[in-house]
1. Which count do you get for residues in the range 587-607 that are at pLDDT 90 or above, touching a helix residue (DSSP H, G or I) at 6+ places or on another chain (Cβ under 7 Å) and not in a loop (DSSP other than H, G, I, E, B)?
2. So which residues in the range 207-234 are surrounded by fewer than 15 Cβ atoms within 10 Å (Cβ to Cβ) and among the polar types (S, T, N, Q)?
3. Please verify whether the range 195-211 includes one or more residues that are aromatic (Phe, Trp, Tyr) and under 28 Å from residue 122 (Cα atoms).
4. Quick one: is residue 450 of a type in the set (D, E, K, R), in contact with a strand residue (DSSP E or B) (Cβ under 9 Å, 6 or more places away or on another chain), in a loop (DSSP other than H, G, I, E, B) and surrounded by 15 or more Cβ atoms within 10 Å (Cβ to Cβ)?
5. For the range 145-184, enumerate the residues that are charged (D, E, K, R), at pLDDT 85 or above and part of a loop (DSSP other than H, G, I, E, B).
6. Take residue 470 and tell me if it is aliphatic (A, V, I, L, M) and touching a Lys or Arg at 6+ places or on another chain (Cβ under 8 Å).
7. Is it fair to say residue 565 is touching a Ser or Thr at 6+ places or on another chain (Cβ under 6 Å) and either of a type in the set (Val, Ile, Thr) or modelled with pLDDT under 95 (or both)?
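The values are calculated or read from the model by the stated rules, or taken from the named source; none is laboratory data. Quick caveat, the model's predicted, so the values are computed rather than measured. All Cβ positions, even for glycine, are placed from backbone atoms using ideal geometry, and neighbour counts span all protein chains on display.
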Amino acid sequence: MIGRLIDGRYQVRSRIARGGMATVYLATDLRLERRVALKIMHGHLADDNTFKTRFVQEARSAARLAHPNVVNVFDQGQDADMAYMVMEYLPGITLRELLKDYQKLTPEQTVDIMDAVLAGLAAAHKAGIVHRDLKPENVLLADDGRIKLGDFGLARAASANTATGQALLGTIAYLSPELVTRGVADARSDIYAIGIMMYEMLTGEQPYVGEAPMAIAYQHANDQVPTPSSKNPAVPVELDELVLWATARDPEERPNDAREMLERLREVEPSIRSSHRPLTTQATMVLSDAALPTGAATAETRVLGAGGAPVALATTNPEASDGDDTVALAKSADRRKRRGYWIIALVLLLTGLAAGTGWYFGAGPGALAQVPETATLAPEAATQVLEEAGFTVEPSERNDPVVPKGQVSGTDPEGGSEAQRGSTVTLFVSLGPSILDVPEVRGSPSAAARAALSDFSVAEKNALQFSADVPADIVIDVLDADGNALGAEYPELGAVTLVVSAGPVPEIVGMPKAEAQAALEAVGLTMNEVGSEFDNSGAVPADAVLSATAVTDPVRPGDAIDVVISKGQDLVTVPNVVGSKLSDAITVLEEAGFTVAHSFPAPFLQFVSVTSQDPAADAQAVRGSEVKLVGTLTL
């Protein structure tokens, strides 16, 4: 698929990801000269109307949304047997990849991501769309800081709310109880999935785990999601409450839609960002003499731990001497002084490390730099450009149906993307297009031929050719870029043209001239009148086509047909030869354009007197026709 031209517009460059229903590629929109994400349905699903309908539904659902936190959909179509969708390309990572790298996020990071996700989801809910497949894999974190919600493959109108026969669509870890038990989803089902995602972001794990999917589904249907702080004590109570609200088992107890939850999140956001609470909270109390156990000291400060047990922190004895107190205070001050030196040293060390790290990743070897565009350059020039940009170049080769052999076809990472300065960039030099076997399509309908030749660039317009032997729309021949018959092998995406039968040339002999001209023009031919003749046979009337001859072989639209127009029959007046000698009568009739029939031998012609003729004298007869003579021999 790499290098293939989809629908004559989208040039596939590399694969980004592969899912259960489709594969996503990085492609170039040749018409608008921009990079796009091209989502192509798996070939084995192309014949399944259910999957095809769901694929088209994703495009339609996302196209209805115009929001900065939703991935834009630009186009959708069909190329041969491939259903595809063109989306906005966002270089970056998914929330799932972020969680793999960092395990769990801080409350502030969680709030930032959830704000963007809920904003995009609120736009979907407002448009009447339920996502139905919310999970970290569908949250895209772009390199430029944008956060977008994508993959509306299971999206459905919010008013549908009916079971599909496939109740457990979506990822099992994020399914709401009503989806598990009844197969019904609405906007509140998306809210449940949001709550599970928040729990996972704050704790680094999902609330329910199990060896089998149905075991996890059972927990969703019967258990209440615990608070994130039970796993991570640093989680503020405000986020605990949001997670519990979003994951309530009863949909009626959840937010009605993403907008309601987003408003609540923004209400508590200031208190979350200003909170600097310790990981645990303990109550401090002073116990009087009456509260102390028998025989205890006079006054003791105690702290109640989590279990309620008092823990002694310090003891003050009123009988202790002032000198002891002075020594204790001096030792305490000395300890605080030494601790201050260590803190200052630690701060200086951390400041140096931060500055060094900032330099390394900001301007030093670890900084990110943009990979230059080098496609179509000579390898030497491209290598120089990449090295001047701070990269190490590793040469490689690959077939490319567009870039000529010997020129650079691209890099990995792609030109325009960012990579660590000093890292290795693979420079691909084109080997030219792959040489492919050409399927035999002569004798096939044109549509079937186009599908079979999908690895080549088939001209949008067929070359029509009239044929009396090949039915209309059947392929007669396949031509290469030079107009020659295509051989057994040909370069990938090479230009080819189908020669398709236009059926026979219309039969116009015997038609009136005006009708014949209209019949030829209807199929793209022109009529060239080259003359007129008498038709003494009487078959073709005057001003009708007597004969038609093709000027070219083969005949194609735009060619001319030479025609001869009939002048009808050539009629002549029959001379009167009754009473004449037979020899004289023959001469007169032949000079008038007739042939003569009689029954007398040649030596006796001058001795025969004509007694009758047929046709009769002064009658109209066709020139060249026969006149029969009857006579009497006189010696």
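1. Matching residues across the range 587-607 total 1.
2. Result: 222, 224, 230.
3. Applying the first criterion (aromatic (Phe, Trp, Tyr)) to the range 195-211 yields 199, 208.
Keeping just the survivors that are under 28 Å from residue 122 (Cα atoms) gives 199, 208.
Among the residues of the range 195-211, at least one is aromatic (Phe, Trp, Tyr) and under 28 Å from residue 122 (Cα atoms), which makes the answer yes.
4. Spelling it out, it is not the case that residue 450 is of a type in the set (D, E, K, R), in contact with a strand residue (DSSP E or B) (Cβ under 9 Å, 6 or more places away or on another chain), in a loop (DSSP other than H, G, I, E, B) and surrounded by 15 or more Cβ atoms within 10 Å (Cβ to Cβ).
5. Within the range 145-184, just 146 meets the criteria.
6. Working: aliphatic (A, V, I, L, M): yes; touching a Lys or Arg at 6+ places or on another chain (Cβ under 8 Å): no.
It is false that residue 470 is aliphatic (A, V, I, L, M) and touching a Lys or Arg at 6+ places or on another chain (Cβ under 8 Å).
7. yes
Condition check ((1) surrounded by 15 or more Cβ atoms within 10 Å (Cβ to Cβ); (2) within 30 Å of residue 389 (Cβ to Cβ)) across all residues:
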residue: 430; (1), (2): yes, yes
residue: 454; (1), (2): yes, no
residue: 460; (1), (2): no, no
residue: 475; (1), (2): yes, no
residue: 485; (1), (2): no, no
residue: 504; (1), (2): yes, no
residue: 522; (1), (2): no, no
